[in-house]
Structures are given as structure tokens and as C-alpha cells.
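For reference, the structure is listed below as C-alpha cells.
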Amino acid sequence: MATPPHPSRTDRSHSTAQARPLPDGRNRILRLGLAILALVSLIALMPTTSRADIGAAAKVVPAASLVGEGRLTFLGFRIFDAELYAPSGTYDPAKPFALKLTYLRSFKGEAIAKRTEKEMLRQGMPKGATLNGWTRDMARIFPNVSPGQSIIGARDNKGHTLFYSGGRRIGSIKDKGFTKRFFAIWLGSNTNDPALRSRLIGASS
């Protein structure tokens, strides 16, 4: 049987290079790099939740995250953008939440209060001293707004309504009946804008 030829010096060098393991330091760096890449990929695939942009009202709504958002228009005019925030992004009308309205037109605070009163009447709130008192309170609390300014209404854990604007608390109405009637304008089943309600509360409904 013929003796196989001896490998050349070049062949022996190539075989030796292939068999030589990486130094420990380079192995550690490679493993670390692969681990970081895997972690970044995992984070990128994780669902994200929009954090709250409600300023001081975040004290009332723990772990507040965006539930949904939408825009109110009337006869083609943009009125306001609405955002609903709740703990961990899960809305429950019996727990704290915050509704942020960012106005796209200028309105007087008194006009906002009167419009709110009309919506409460439309939903079945009877006329009388209670509604009149709420309307006076709202007119006192609500500021005049320009495009881009926001008013935030927050339901606290006692069922009271706290109002915020410009990064500070501007007033409150500590009446559970008011809280129910007020937020029902946008979030209740008898809202005047079911499409906006659907966008705000989404799957939580």
C-alpha cells in the first residue's frame, strides 16, 4: 500500500491554527457580547406601555399608564384631544384614573362649565340645587384655556374629583355623585360620542 504523502509545512500550520482554542479572555468577551445582544433583542420584543403625562395628578393615580386616547371634533372643528390614564393602563371606573383634555381651541372656563352642565342634563341629571352648585364650582375651578393647554380630572380612591392644570392642582369637588356624572360624559355608556369612548377605554370596556 502506498504511504500517504506527509503534509506540507503550510498544511500543518493551517491544521494547527484551526485546532487552537480562543484565549479565555476573548471567550469571555464573546460570551458577554452574545448575552447583551440577546437581552437587547428580548427588550425590543417586550410590549411597551406609555407612561403617564399627567404631572401632579400622578400622585392620585398610582403607576398611571395610558389606557387610550382620541380626539373630539364638532362640525369639522377640532375641540380637544383626550387621554385616559389608569394604574398599569387598566381602567376601572371604581378605582383611581385620570382624564386629560388638551384643548385645540380657546375657551372660557365658564363656557366649559356650562357645556359640562348641559351634558349632565342630557344624560339625565335633574335640574336643581345640586347641579347648580356643581356648575358654580366648575366655573370657579376651570381656567380659561388656549390651544395646547390641558385640564386634567382625576378620580381618587375616595371617589372624589380633583382638577389639575399647568402642573398644579386647581380645585376639587368632593362629591361621589359629581364624579359619576362628570366622567360619564366621556366614559359612560350614554356618552354623546361613543367612538371617542371606545378609543379611550378600549378593551377595558
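The values are calculated or read from the model by the stated rules, or taken from the named source; none is laboratory data. A quick note: this is a predicted structure, and the numbers were derived from the prediction, not measured. FYI the Cβ positions are ideal-geometry reconstructions off the backbone, even for glycines, and counts take in every protein chain you see.
Taking the criterion of being over 14 Å from the mean Cα position of the chain (by Cα), modelled with pLDDT of 95 or more and of a type in the set (A, V, I, L, M), the only residue of region 73-83 that qualifies is ILE79.
Being closer than 19 Å to PHE182 by Cβ, in contact with a Gly (Cβ under 9 Å, 6 or more places away or on another chain), at pLDDT 65 or above and of a type outside the set (Asp, Glu) narrows it down to one of ALA86, ALA98, so name that one. The conditions single out ALA98. If you go through region 93-111 and keep only what is within 24 Å of LYS158 (Cβ to Cβ) and either surrounded by fewer than 13 Cβ atoms within 10 Å (Cβ to Cβ) or hydrophobic (A, V, I, L, M, F, W, C) (or both), you end up with ALA94, PHE97, ALA98, LEU99, LEU101. Under the condition of being touching a residue at least 40 places away in the same chain (Cβ under 8 Å) and either in a loop (DSSP other than H, G, I, E, B) or outside the structural domain of ASP81 (by TED's automatic domain parsing) (or both), the residues counted in region 108-149 number 7.
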